[in-house]
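Before any comments, here is the structure.
The values are calculated or read from the model by the stated rules, or taken from the named source; none is laboratory data. Predicted model only: the values in this text are computed from it and were never measured. Quick reminder, even Gly has a Cβ in these numbers, built from the backbone with ideal geometry, and neighbours come from all protein chains shown.
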Amino acid sequence: METCSNCERDIGNLETAHVHKGHIVCTQCNELLHTAPAPKVSSTADTVPPTRNQLGREKPVQTIEKTGKQYKAIMLVGGLVAIVGIVFSLSGDAAGIPVTLMGLGLFLVAKIAAWWSHG
């Protein structure tokens, strides 16, 4: 069983698969692609990234994480300080609890700052 490169629908065994510009397409997409007008080429074609694939379908949107590295670094430091504070607390050192609270506070402040800056 083939899959249409344009609409990604399965092409049944009784249906004819067509080739359009080197891609396997179903009958409906083949008709649409042969009757569709050719795309216009602009003078900025080299500078503008394409938003459609070769057959005219929209490309999937890629999600990019916006959180800055500086906030991640502060969260990492806060987490490490909290872990050191926990180790101090388990060993009986009186400074363990304040160090743990400082690390958690630093982590929380960095998390809120990242949320505030990037939404």
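Brief remarks on what is shown
Listed here are the residues, each with its yes/no results for (1) modelled with pLDDT of 95 or more; (2) over 30 Å from Leu33 (Cα atoms); (3) outside any helix (DSSP H, G or I); (4) among the β-branched types (Val, Ile, Thr).
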residue	(1), (2), (3), (4)
Leu55	no, no, yes, no
Val61	no, no, yes, yes
Lys66	no, yes, yes, no
Gln70	no, yes, no, no
Ser89	no, yes, no, no
Ala94	no, yes, yes, no
Val109	no, yes, no, yes
Ser117	no, yes, no, no
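- Inside the range 75-101, residues that are surrounded by fewer than 16 Cβ atoms within 10 Å (Cβ to Cβ) and within 16 Å of Lys111 (Cβ to Cβ) make up a count of 5.
- For the range 84-119, the tally of residues that are within 31 Å of the chain's Cα centre (by Cα) and not polar (S, T, N, Q) stands at 16.
- In the range 1-30, the residues that are surrounded by fewer than 17 Cβ atoms within 10 Å (Cβ to Cβ) and more than 30 Å from the chain's Cα centre (by Cα): Met1, Gly12, Asn13, Leu14, Glu15, Thr16, Ala17, Val19, Thr27, Gln28
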